[in-house]
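Working notes, beginning with the structure itself.
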Amino acid sequence: MNRPAEAILDPIAHAEMIGGAHCTLPPGRSLPLIVEAPEPGTALAPWLRQHHDAVMAARRLHGALMLRGFAVGEAVDFEAAARVIAPDLKDQY
């Protein structure tokens, strides 16, 4: 059942789900929302693309996300995931 993150993520909730990922908050805190991969080794960028609206709503609601257990083996994997969240990410400094 797909529901918007605002409907499923209460800032004081202890365990919720986004796209099969288990989400928790540190005890007594409202951030970061800890998002654990639904399966070990789940590729991060495709998962973020598939659940983009819920992830972004959770980020707005909680202020920060900590993504754990996702597969990010190479720098290019990290960049792909970062570009899902920030498509205009600069690559020249």
Consider only pairs whose beta carbons are under 7 Å apart and that are at least six residues apart or on different chains; among these, list those whose first residue lies in segment 64-93 and is within 30 Å of Arg29 (Cα to Cα) and whose second residue is of a type outside the set (D, E, K, R) and exposed (fewer than 11 other Cβ atoms within 10 Å of the Cβ).
Gly69/Pro40; Ala71/Gly41; Ala82/Leu89; Arg83/Leu89
Please go through segment 35-75 and give me each residue that is farther than 11 Å from Ala21 by Cβ and among the aromatic types (Phe, Trp, Tyr), ordered by number.
none
Just wondering, is there one or more residues in segment 85-92 that are more than 18 Å from Ile18 (Cβ to Cβ) and not in a loop (DSSP other than H, G, I, E, B)?
no
List the pairs whose first member sits in segment 6-34 and is modelled with pLDDT of 50 or more and open to solvent by 30 Å² or more (accessible area, probe 1.4 Å), whose second member is assigned to a loop (DSSP other than H, G, I, E, B) and among the charged types (D, E, K, R), and whose Cβ atoms are under 9 Å apart, counting only residues at least 6 apart or on separate chains?
Glu16/Asp10; Gly20/Glu39
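Scan segment 37-82 for residues that are in a helix (DSSP H, G or I), of a type in the set (Phe, Trp, Tyr) and within 12 Å of the chain's Cα centre (by Cα) and report the count.
Taking segment 37-82 first, the residues in a helix (DSSP H, G or I) are 44-50, 52-62, 75-82.
Among the residues that remain, those that are also of a type in the set (Phe, Trp, Tyr) are: 47, 78.
With the extra rule that they be within 12 Å of the chain's Cα centre (by Cα), the set shrinks to 47.
Summing the residues that are in a helix (DSSP H, G or I), of a type in the set (Phe, Trp, Tyr) and within 12 Å of the chain's Cα centre (by Cα) in segment 37-82 gives 1.
Go through segment 27-57 and give me each residue that's in contact with a Gly (Cβ under 7 Å, 6 or more places away or on another chain) and aliphatic (A, V, I, L, M).
Listed by number, the residues that qualify are Leu31, Ala37, Ala54.
The values are calculated or read from the model by the stated rules, or taken from the named source; none is laboratory data. These figures come from a predicted structure and were not determined experimentally. Note that we place each Cβ from the backbone using ideal geometry, even for glycine, and neighbour counts take in every protein chain shown. Protein only, heavy atoms only, side chains kept; ligands, DNA and RNA dropped before computing areas. Shrake-Rupley method; radii C 1.70, N 1.55, O 1.52, S 1.80 Å.
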